[in-house]
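Accompanying notes for the structure given below.
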Amino acid sequence: MRGDLSIPSAQTTLMMGSRAETDVLTTDGFIREPLSWAYNKDDICSSSSSDNAAMHTRRASEGILIDGDAEDKKWLQSPPRRCSLGSGGRGGDAVWAHEGGSAGPHRRGYIVFGDQASCQLHFCSETDMKTETGNWIQLGQQVLKLEDQAQVPEHIEHKAHEELGETPEVRKESLHQLKCMLDKEREEHGLISPSDNDLILLSYLRAAHFNLDGAYKKMTDYYRFKQKHLDYCGNLLPQNECRAFQNNLLTVLPNRDKHGRRILVVQAGKTWDPSACSVKELVRGVMMIVKAAILEPVTQISGAIVIIDVKELGYTQMKHLISLSLAEMLVHWVQDCFPTRLKAIHVVNINALFGMVLNVFKKFLNEKFQKRVIVHNKPDTLGIEKDLLPKELGGTILELPENHGMLLHKLLCMYQDKYEQVSKCGYPKDSEKKERRGWF
């Protein structure tokens, strides 16, 4: 099937959403990384080239794409729900390539700039978006989705094979063996584990590069850690944790970096008022985000990075952070129990006061993690694409709404049932006494 949509040049401006006059973005930021967009039923998606050529307008209405006045024209129909927009042979015309026979409405495609598929568009209603691609929130002009149901792209599967030694056979056998080990731990020591949730088990296997003993130890270490620190890990549910989000202290950026890694930003400087959100509430908020992140296969494979902004940190914040017990607890969690590949911790806008805090934490960091803690006087040296970062960290595009923390909290609340399930996991209360008596 051939449509009449011209492939825009790199200078094209895309106007997205029903508020087209305000939602204007240049394509420069799209070409490097695929971005996903959702449209409500009656939203307009328009494109016009810089040479003032005719504007092509499509309406995202139940999968029917409309060009100009031809309002009854169906551009795309395909039952297998796979489609790509490739360059045609006639002066930049576009071809919707598809697989399958009988026609049926289709609501996805790729918009191509030259020969590069750079921006994936979802033409669907908000309801369809949630049922097909998982829950999401709108952050300014961008969308943050929890990709717990996303299919792993081919290049990420290749990374899993190259870096983790993962293959379908290794994955299947490792899951089976880990479940057997957890069943034995339940029989001997009463551990309740998510042994029926392959996605959670895979997060530990991937974090341990499919070393069974390493994954098993990391998992049991976490549940021992949880048992010891119930004030931080116990009853960790979105409905119970709100203050860190109300105060905009935690941000998950909408887009991954060029390596596919999730980016979490933590505000621990002047923005943080410990009287409004305690250090314990801040840490519990971070832990809750981690529990969501480990449900994403791409994050399990590619990992995550954390940016801690300590801009204008003063004594008010420092006195809550400079604690040996807090440092030892957090380092143990990150180094020994963390079920995600934490690739880097960037500390931004560092000053002398936070240098004192960092020295306390470094006492407990092993050599591997000491190398992954990177300090920056200014955000300019972060080495992360600027079109991904909020403007407060030197970004060029992303403007976070004032209530972005509560929007993230809203997204996590959509998974309340999953948090409740994993909250029940752990060792029984008396198992710590048995361990000290040598009953293992």
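The values are calculated or read from the model by the stated rules, or taken from the named source; none is laboratory data. This structure is a prediction, so every number in the text was calculated from the model and none was measured. When we count neighbours, we look across all protein chains shown, and the Cβ atoms used for this are built from the backbone with ideal geometry, even at glycine. For accessibility, only protein heavy atoms count, side chains too; no ligands or nucleic acids. Shrake-Rupley method; radii C 1.70, N 1.55, O 1.52, S 1.80 Å.
The table below lists the values:
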item	result
Hits in the range 179-209 - residues which are buried (at least 19 other Cβ atoms within 10 Å of the Cβ) and in contact (Cβ under 8 Å) with a residue 40 or more places away in the chain	LEU191, SER193, ILE200, LEU202, SER203, TYR204, ARG206, ALA207
Residue in the range 162-172 that is more than 22 Å from GLY260 (Cβ to Cβ), part of a helix (DSSP H, G or I) and open to solvent by 30 Å² or more (accessible area, probe 1.4 Å) present	yes
Condition met for LYS218 (touching a helix residue (DSSP H, G or I) at 6+ places or on another chain (Cβ under 6 Å), open to solvent by 10 Å² or more (accessible area, probe 1.4 Å) and part of a helix (DSSP H, G or I))	yes
Within the range 148-161, tally of residues that are within 27 Å of ASN135 (Cβ to Cβ) and either surrounded by 12 or more Cβ atoms within 10 Å (Cβ to Cβ) or of a type in the set (Val, Ile, Thr) (or both)	9
The range 339-357: number of residues that are open to solvent by 20 Å² or more (accessible area, probe 1.4 Å) and either among the polar types (S, T, N, Q) or within 26 Å of ASP221 (Cα to Cα) (or both)	5
Selected residue (criterion: surrounded by the most Cβ atoms within 10 Å (Cβ to Cβ)) from residues of the range 425-437 that are modelled with pLDDT under 95 and assigned to a loop (DSSP other than H, G, I, E, B)	PRO428
Check on LYS410, in a helix (DSSP H, G or I), buried (at least 17 other Cβ atoms within 10 Å of the Cβ) and of a type in the set (D, E, K, R)	no
Qualifying residues in the range 391-401 (those that are among the hydrophobic types (A, V, I, L, M, F, W, C) and assigned to a loop (DSSP other than H, G, I, E, B)) - the one least open to solvent (accessible area, probe 1.4 Å)	LEU400
Selection within the range 358-390 - open to solvent by less than 30 Å² (accessible area, probe 1.4 Å) and not in a loop (DSSP other than H, G, I, E, B)	LEU358, VAL360, PHE369, VAL373, HIS376, PRO379, PRO390
Close pairs (6 angstrom Cβ cut-off, 6 or more residues apart or separate chains): farther than 14 Å from ASP387 by Cα in the range 134-149, in a strand (DSSP E or B) and of a type in the set (Val, Ile, Thr) anywhere	TRP136/VAL143; LEU144/ILE137
One residue from ASP309, ASP257 being within 18 Å of the chain's Cα centre (by Cα), farther than 24 Å from CYS337 by Cβ and either among the acidic types (Asp, Glu) or open to solvent by less than 10 Å² (accessible area, probe 1.4 Å) (or both)	ASP257
Test: residue in the range 183-198 that is closer than 22 Å to VAL422 by Cβ, part of a helix (DSSP H, G or I) and of a type in the set (Lys, Arg)	yes
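Condition check ((1) of a type in the set (Phe, Trp, Tyr); (2) modelled with pLDDT under 95; (3) in contact with a Phe, Trp or Tyr (Cβ under 9 Å, 6 or more places away or on another chain)) across all residues:
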| residue | (1), (2), (3) |
| --- | --- |
| VAL265 | no, no, no |
| LYS270 | no, yes, no |
| ALA276 | no, no, no |
| GLU281 | no, no, no |
| MET288 | no, no, yes |
| ALA304 | no, no, no |
| ASP309 | no, no, no |
| LYS319 | no, yes, no |
